[in-house]
Amino acid sequence: MDIAHLRDFITVVDSGSLTRAAGRLYVSQPALSQRIAHLEAELGVRLLERGPRGVTPTAAGRALYRDAQRLVRQFDRIAGDVLSGDQIHGPVAVGLPTTVSVRLAPALFSWTKAHHPGIHLQLFESMSGYIQELLTLGRLDLAVLYRDDDTVRPAETPLYSEDLFLIGQPKPPAADEDEIRLVDLHDTPLVVPGGRSNLRALIDRAFAAQGLVPSIVADVDSLGSMIRIAAGGEACTILPLSSVADQENHRELGVRRIRNPVISRSVAVCNAVEYYPSRDAVAAVQEGITVVTRQMAAAGEWPGIRLA
């Protein structure tokens, strides 16, 4: 087994098909099948389940895929680190949930360009559940993730905490322009992210703790779409203040802090490497995320957050 075999296997799993993977690798499908069969024979386990619709990894295949991602990424960076000499250099893959990316991505890009021009940022924006999955699979070096509390965990640096707000005009109208009780939302139609989202899990738990079930009328995995639907008046959504603070119709849109109870979440930057020191480029970007978060909070450019 060598790095080439691992690259082939990663491509097959990502493609979901030996034929598609062969096209991406510019080899014939029989040749690629033979390579995978050789890898399975060498390891003594079946790595892929073949079916009429393509291939899926077995339990052993998923374990190899996760570890192969890390090994191949590390291998590629060894050469880069050697060639770069003393300069901090190389790609760093960072996962950002959508509500964080709106504020953090531009600032992190500028900071990295100014302080470490040899670092090539790879920014992935998605819902929090998918970001967590990519980090677990070794596809990311760093991820900004939501936590239920501010407990310090291995390989994590706490960043901030924030409260959640109702966005939109509930019917009947709320008595208070700035706040609304959670119990008053039990019949309010809501659009929120799907089940893989930390935000959805947090909302479901908050309602359940009060003996309520949220009236979710659609799963919407798009920040912009949730805000536009709320602006249309047919449903509301629940988001942090920073998601809508820049909207021109901020006040008309309706932004009310949820209380009794307040729904809060903590945010941390998480490192994929838990048991040994990060390479210099990853450590530098992790520092940059902390620095720019604090700078924006101090300048009032990230509304609604409380620094950890």
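The values are calculated or read from the model by the stated rules, or taken from the named source; none is laboratory data. Quantities reported herein were computed from a predicted structural model and do not represent experimental measurements. Neighbour counts are summed over all protein chains in view; Cβ atoms, including those assigned to glycine, are modelled from backbone coordinates with ideal geometry. Surface areas here come from the heavy atoms of the whole protein model, side chains and all, with no ligands, DNA or RNA. Shrake-Rupley method; radii C 1.70, N 1.55, O 1.52, S 1.80 Å.
Checked against (1) in contact (Cβ under 8 Å) with a residue 40 or more places away in the chain; (2) under 16 Å from S215 (Cβ atoms), A143 meets all criteria but (2). Which one of these is in contact (Cβ under 8 Å) with a residue 60 or more places away in the chain and closer than 23 Å to S242 by Cβ: V100, V92? On inspection, the qualifying residue turns out to be V100.
If the condition is being assigned to a helix (DSSP H, G or I), at pLDDT 90 or above and not polar (S, T, N, Q), then the stretch 104-145 contributes L104, A105, P106, A107, L108, F109, W111, K113, A114, H115, I131. Would you confirm whether or not the stretch 185-207 contains a residue that is in contact with a His (Cβ under 9 Å, 6 or more places away or on another chain) and open to solvent by less than 70 Å² (accessible area, probe 1.4 Å)? For the stretch 185-207, residues in contact with a His (Cβ under 9 Å, 6 or more places away or on another chain) and open to solvent by less than 70 Å² (accessible area, probe 1.4 Å): present.
So for the stretch 74-82 (the condition being small (G, A, S), modelled with pLDDT under 90 and assigned to a helix (DSSP H, G or I)), does at least one residue qualify? Scanning the stretch 74-82, I find at least one residue that is small (G, A, S), modelled with pLDDT under 90 and assigned to a helix (DSSP H, G or I), so the answer is yes.
Contact annotation: residue pairs with Cβ atoms under 7 Å, 6 or more positions apart or on different chains, pairing a residue in the stretch 54-68 that is more than 18 Å from R139 (Cα to Cα) with a partner that is of a type in the set (V, I, T) and assigned to a helix (DSSP H, G or I), are V55/V12.
Give the residues of the stretch 39-59 that are of a type in the set (S, T, N, Q) and open to solvent by 70 Å² or more (accessible area, probe 1.4 Å), sorted by residue number. Of everything in the stretch 39-59, just one residue is of a type in the set (S, T, N, Q) and open to solvent by 70 Å² or more (accessible area, probe 1.4 Å), namely T56.
The residue list R228, R205, R200 contains one member that is in contact with a Pro (Cβ under 6 Å, 6 or more places away or on another chain) and assigned to a helix (DSSP H, G or I), which is R200. Return a yes/no flag: does the stretch 29-38 have any residue that is surrounded by fewer than 14 Cβ atoms within 10 Å (Cβ to Cβ), hydrophobic (A, V, I, L, M, F, W, C), in contact with a Lys or Arg (Cβ under 9 Å, 6 or more places away or on another chain) and at pLDDT below 90. Checking the stretch 29-38: not a single residue is surrounded by fewer than 14 Cβ atoms within 10 Å (Cβ to Cβ), hydrophobic (A, V, I, L, M, F, W, C), in contact with a Lys or Arg (Cβ under 9 Å, 6 or more places away or on another chain) and at pLDDT below 90.
The residues listed here are I3, I88, I36, I10; of these, the one that is under 22 Å from the mean Cα position of the chain (by Cα) and of a type in the set (A, V, I, L, M) is I10. A single entry from P261, P303 fulfils the requirement of being assigned to a loop (DSSP other than H, G, I, E, B) and either open to solvent by less than 40 Å² (accessible area, probe 1.4 Å) or within 19 Å of S197 (Cβ to Cβ) (or both): P303. You will find that of T56, T19, the residue that is outside the structural domain of S243 (by the TED database) and not in a helix (DSSP H, G or I) is T56 and no other. Within the stretch 1-51, the set of residues being of a type in the set (G, A, S) and under 16 Å from Y65 (Cβ atoms) comprises A4, S15, G16, S17, A21.
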